[in-house]
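J.: Can you keep this structure in mind? I'll have questions shortly.
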Amino acid sequence: MSKRDSFLLRLRPEVMEAMRRWAEDEFRSTNGQIEFVLARALEQAGRSKPIVPREMVDEALPKSTESKDLP
């Protein structure tokens, strides 16, 4: 496993609670969700090459609602 840096992050309670709920919705830890969101923001801002593993991106995307009843 790669080395990971750690640091103290101070967030407003309402931001932290929103991150906790979002992480639960996507079956991630709160720390993992914060890292995912930061990595995506860096990529979208052109500040970083893609650093989020493709499987994490795929998991975050909505699943198609294919139905066997459709032709």
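Every read-out reported here was derived from the displayed coordinates using simple, explicitly stated rules and does not represent laboratory data. Not measured: the values here are computed from a predicted model. As a convention, Cβ positions derive from the backbone with ideal geometry for all residues, glycine included, and neighbour counts pool all protein chains shown.
J.: So for the pair LEU42, GLU14, with labels modelled 7 Å out along Cα→Cβ, what separation do we get in nm?
T.: 2.9
J.: Moving on to the next point. Quick one: 3J(HN,Hα) in Hz for region 27-41, Karplus 6.51/-1.76/1.60 with θ = phi - 60°, rounded, Gly and Pro as x.
T.: Listing the rounded values in order: 6, 10, 6, 4, 4, x, 5, 4, 4, 4, 5, 5, 5, 5, 5 Hz.
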